[in-house]
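Remarks on the structure that follows.
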Amino acid sequence: MLIGQQPKDFLLSVEGLTVSFDGFKAVNDLSFYVDENEIRVIIGPNGAGKTTVLDLICGKTRATSGSIHFRDRDLTKMRENEIVQAGVGRKFQTPSIYDDLTVFENLEISFPRGRSVLGALTFKRDAEVRERVHEVAEMIFLKDRLAMRADLLSHGQKQWLEIGMLLIQDPELLMLDEPVAGMSVSERVKTAELLHRIIEGRSVLVIEHDMKFVEDIAHKVTVLHQGQILSEGTMDKVKNDPKVIEVYLGH
Amino acid sequence: MIENTRFASRSELVGIAALALLLVVVLPLTLDVFRLNLVGKYLTYAFVALGLVLCWGYGGILSLGQGVFFGLGGYCMAMFLKLEASSPENTKIQSTPGIPDFMDWNQITELPLFWQPFHSLTFTIAAIILVPGVFAFIIGAAMFKRRVGGTYFAIITQAIAAILTILIVGQQGYTGGINGMTDLRTLKGWDIRPDHAKVVLYFVCVACLFGCIFVAQLIRHSKLGRILVAMRDKEDRVRFSGYSVANFKIFAFCVAAVFAAIGGAMFALQVGFMSPSFVGIVPSIEMVIYAAVGGRLSILGAVYGTLLVNFAKTSFSESFPELWLFGLGGLFIAVVLAFPNGVAGLWSDYVQPRLVRLVTPRKAGWSAPNAVAEGAPAE
């Protein structure tokens, strides 16, 4: 395995990560590394700890032990908003957007400027912001929905909006939790196309069950099972790993 | 709505102008000085309701202890006025002339150290803003940084209101105890008691209120206002948009506290006394009801709600003093259950669309939903 290499070569180094909820180890001594511009997909059966791993990286859940280094900073010691400002973006499994605000305002809030109290108070909706919002809205197929309240969007549109909110944040590491779940077939195709466009030039960590989609985008696949790595490598290698077939793909 | 102006939309400007017309022209012309002074007193509570709209309506932080800040502002003002009223000539019959009468009654022979700076009006005005502001900052930092929120926060603010009341009542020699600070007379030699002074103070109060409305509008239309709305709905998500939720909550809470304090100071000036009965749990909850009745998302609604409930209180409690509190409780329940957006919600849902249709009967494009969206854009 990769243990023993210099962590600083990687964008993200997760080492010995463990989290226990009342004695149950949802993630158990997990180590993995993500390169610059790498697209890594995490797969695994339900309850394998996939979402928990993302929660740990973005600071939503605190690790019991272990470390998560993003470049040279230890994310386990940072607050959520500091992790975002360091360049880690996260899309949640269920669309998580601001229902009471318009699509425009949702995107504007995610624009990485004026994040302090004073900054937010003096924030100006200038040409740069407007252009960027319109540009992203076009990418996420919501160009003509900008003035609409976000809770009136369809499920698929909400997912796109959240992807757009991430996009406008321009993170170096993008984490997506089941980005195509619950979408219609046509929405799925559009989303895949969208994701292909936004993953360029950054590292991406994706959780997904749709195997076709995984095969399509993954550079490397990590298979989790009961909070531990079962197998790791290219899609071909993982697909032919008897352990993986046993617990996951075979069923 | 995307290219929103920075301060207010057109219908909001009309609303502010209408309120100004009512408070600056209609009421002073139609009411006698006694009633006008009463309205002025009600308006001091509107400052608190205004703060609650920002903090509770927009930010989702329910504080049941705004009386604390109203009281701190009021007491700061009252201390200055009391010192001026306690000149050695005015108090020469006391065993220690030159100190407030209640201190003399409590065998205090020297002005306490923390009273000394209140000889200065400049210091007093700064204290009216800073004391509640800093106190709110400390409470906010202690609570929000630890992610205490919702009901727990409401209960803690209520406890603080109770504690402050007990403290004021208990430290009679320093605070005037349960009677409060009475017999306030002059402001820099200008008598605040006669009718013409009351009229002037009414207008000062209205001017301060519009100042606060202006600040509230600026906040609401800034990105910070939208972050507050976002936070109320999905606090966690805001963190993952890169914002420190705690800092924004502290800010909203501090602004609400400063508004309340300005109201308290205007109260002491207009009513001529300050007592712990405006600090504790019951007045604090009443102030939340004003905001709820007015519509907790409406800045102007807060003012109307306060006036409405207080007029009702004055007229009902004169005829049915025992029933009033039940009436107030019933009103709160009714508003929360039936009209969660209060008077402002009724206005923008029912009255405004009809008015718009009446004014522009031919323009089919001006449909009702548009009007609603204009009237309450942040909803």
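For residues that are open to solvent by 60 Å² or more (accessible area, probe 1.4 Å) and within 28 Å of B:G263 (Cα to Cα), tally how many sit in region B:97-126. Explain how you work it out, then say what you get.
Start the filter on region B:97-126 by keeping residues that are open to solvent by 60 Å² or more (accessible area, probe 1.4 Å), which leaves B:97, B:105, B:107, B:109-110, B:113-114, B:116, B:119, B:122-123, B:125.
Those left that are additionally within 28 Å of B:G263 (Cα to Cα): B:113-114, B:116, B:119, B:122-123, B:125.
Here the count works out to 7.
Within region A:62-101, the set of residues being facing another protein chain (nearest Cβ under 7 Å), within 30 Å of A:D144 (Cα to Cα) and either open to solvent by less than 30 Å² (accessible area, probe 1.4 Å) or in contact with a helix residue (DSSP H, G or I) (Cβ under 7 Å, 6 or more places away or on another chain) (or both) comprises A:V84, A:R90, A:S96, A:Y98, A:D99, A:D100, A:L101.
A:L107: within 12 Å of chain B (Cβ to nearest Cβ), aliphatic (A, V, I, L, M) and more than 30 Å from A:D9 (Cα to Cα), yes or no? Spell out how you get there, then give the answer.
Numbers: within 12 Å of chain B (Cβ to nearest Cβ): yes; aliphatic (A, V, I, L, M): yes; more than 30 Å from A:D9 (Cα to Cα): yes.
Taking the combined requirement at face value, the residue satisfies it.
Can you tell me which residue is nearest to B:Y45 (Cα to Cα) among those in region B:236-248 that are more than 7 Å from chain A (Cβ to nearest Cβ) and either touching an Asp or Glu at 6+ places or on another chain (Cβ under 9 Å) or of a type in the set (D, E) (or both)? Within region B:236-248, the match that is nearest to B:Y45 (Cα to Cα) is B:V245. Looking at B:C254, B:C212, B:C208, which is the one that is within 30 Å of A:G59 (Cβ to Cβ), more than 9 Å from chain A (Cβ to nearest Cβ) and not polar (S, T, N, Q)? Step by step, each of B:C254, B:C212, B:C208 is checked, and only B:C254 is within 30 Å of A:G59 (Cβ to Cβ), more than 9 Å from chain A (Cβ to nearest Cβ) and not polar (S, T, N, Q). When A:P45 is tested against the conditions (1) open to solvent by 10 Å² or more (accessible area, probe 1.4 Å); (2) assigned to a helix (DSSP H, G or I); (3) touching a Phe, Trp or Tyr at 6+ places or on another chain (Cβ under 6 Å), the lone failure is (2). Within region A:14-32, the set of residues being over 13 Å from A:K50 (Cβ atoms) and among the aromatic types (F, W, Y) comprises A:F21, A:F24. Figure legend. Inter-residue proximity from region B:338-349: first residues over 14 Å from B:T306 (Cα atoms), second residues open to solvent by less than 60 Å² (accessible area, probe 1.4 Å) and at pLDDT below 85, beta-carbon distance below 6 Å, spacing 6+ or different chains. Indicated pairs: B:S348/B:V372; B:S348/B:G375; B:S348/B:A376.
Yes/no matrix, rows are residues, columns are (1) modelled with pLDDT of 95 or more; (2) closer than 21 Å to B:I299 by Cβ; (3) not hydrophobic (A, V, I, L, M, F, W, C):
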{"position": "B:Y45", "(1), (2), (3)": "yes, yes, yes"}
{"position": "B:G51", "(1), (2), (3)": "yes, yes, yes"}
{"position": "B:G57", "(1), (2), (3)": "no, yes, yes"}
{"position": "B:G60", "(1), (2), (3)": "no, yes, yes"}
{"position": "B:G67", "(1), (2), (3)": "yes, yes, yes"}
{"position": "B:A78", "(1), (2), (3)": "yes, no, no"}
{"position": "B:E89", "(1), (2), (3)": "no, no, yes"}
{"position": "B:I93", "(1), (2), (3)": "no, no, no"}
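Here B:Q94 meets each of (1) surrounded by 16 or more Cβ atoms within 10 Å (Cβ to Cβ); (2) in contact (Cβ under 8 Å) with a residue 12 or more places away in the chain; (3) assigned to a loop (DSSP other than H, G, I, E, B) with one exception, condition (2). Scanning region A:157-194 for residues that are in contact with a strand residue (DSSP E or B) (Cβ under 9 Å, 6 or more places away or on another chain) and not in a helix (DSSP H, G or I) returns A:D170, A:P171, A:E172, A:L173, A:L174, A:M175, A:L176, A:D177, A:E178, A:P179. Scanning region A:189-200 for residues that are closer than 15 Å to A:K212 by Cα and touching a residue at least 24 places away in the same chain (Cβ under 8 Å) yields A:K190, A:T191, A:A192, A:L195. Residues that are modelled with pLDDT of 90 or more and among the basic types (K, R) are absent from region A:3-19.
For region B:133-178, which residues satisfy the criterion of being more than 20 Å from B:G51 (Cβ to Cβ), part of a helix (DSSP H, G or I), open to solvent by 60 Å² or more (accessible area, probe 1.4 Å) and not polar (S, T, N, Q)? B:Y152, B:I163, B:I166, B:L167, B:Y174, B:I178, listed by residue number. Are there helices (runs of 4 or more DSSP H) fully within region A:49-156 with at least 1 residues that are in contact with an Asp or Glu (Cβ under 7 Å, 6 or more places away or on another chain)? List them. Result: A:50-57, A:127-139.
Would you be able to say whether some residue in region A:133-143 is free of Cβ contacts under 8 Å to residues at least 60 places away in the same chain, facing another protein chain (nearest Cβ under 10 Å) and open to solvent by less than 10 Å² (accessible area, probe 1.4 Å)? Yes, there is a match, as at least one residue in region A:133-143 is free of Cβ contacts under 8 Å to residues at least 60 places away in the same chain, facing another protein chain (nearest Cβ under 10 Å) and open to solvent by less than 10 Å² (accessible area, probe 1.4 Å). In the condition set (1) of a type in the set (G, A, S); (2) touching a Lys or Arg at 6+ places or on another chain (Cβ under 9 Å); (3) crowded, with 24+ Cβ neighbours inside 10 Å, B:G51 is compliant with all but (2). The residues in region A:110-132 that are more than 9 Å from every other protein chain (Cβ to nearest Cβ), open to solvent by 20 Å² or more (accessible area, probe 1.4 Å) and under 21 Å from A:G87 (Cβ atoms) can be counted, and the count is 3.
Identify all residues within region A:215-251 that are in a helix (DSSP H, G or I) and under 24 Å from A:G87 (Cα atoms); write none if there are none. Explain how you work it out, then say what you get.
Taking region A:215-251 first, the residues in a helix (DSSP H, G or I) are A:215-217, A:235-239, A:242-249.
Result: A:I217, single match.
Here is a yes/no grid of residues against (1) in a loop (DSSP other than H, G, I, E, B); (2) touching a strand residue (DSSP E or B) at 6+ places or on another chain (Cβ under 9 Å); (3) open to solvent by less than 10 Å² (accessible area, probe 1.4 Å):
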{"site": "B:A197", "(1), (2), (3)": "no, yes, yes"}
{"site": "B:C208", "(1), (2), (3)": "no, no, no"}
{"site": "B:V215", "(1), (2), (3)": "no, no, no"}
{"site": "B:R232", "(1), (2), (3)": "no, no, no"}
{"site": "B:R237", "(1), (2), (3)": "no, no, yes"}
{"site": "B:N247", "(1), (2), (3)": "no, no, no"}
{"site": "B:F267", "(1), (2), (3)": "no, yes, yes"}
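Of the helices (runs of 4 or more DSSP H) lying entirely inside region B:301-365, those containing at least 3 residues that are open to solvent by 60 Å² or more (accessible area, probe 1.4 Å) and farther than 26 Å from B:G60 by Cα span B:352-359.
The values are calculated or read from the model by the stated rules, or taken from the named source; none is laboratory data. Owing to the predicted nature of the structure, the values given are computational and were not obtained by experimental measurement. A quick note on method: Cβ atoms are made from the backbone with ideal geometry, for glycine too, and the neighbour counts reach across all protein chains shown. In case anyone asks, the SASA skips ligands and DNA or RNA and just uses the protein heavy atoms, side chains included. Shrake-Rupley method; radii C 1.70, N 1.55, O 1.52, S 1.80 Å.
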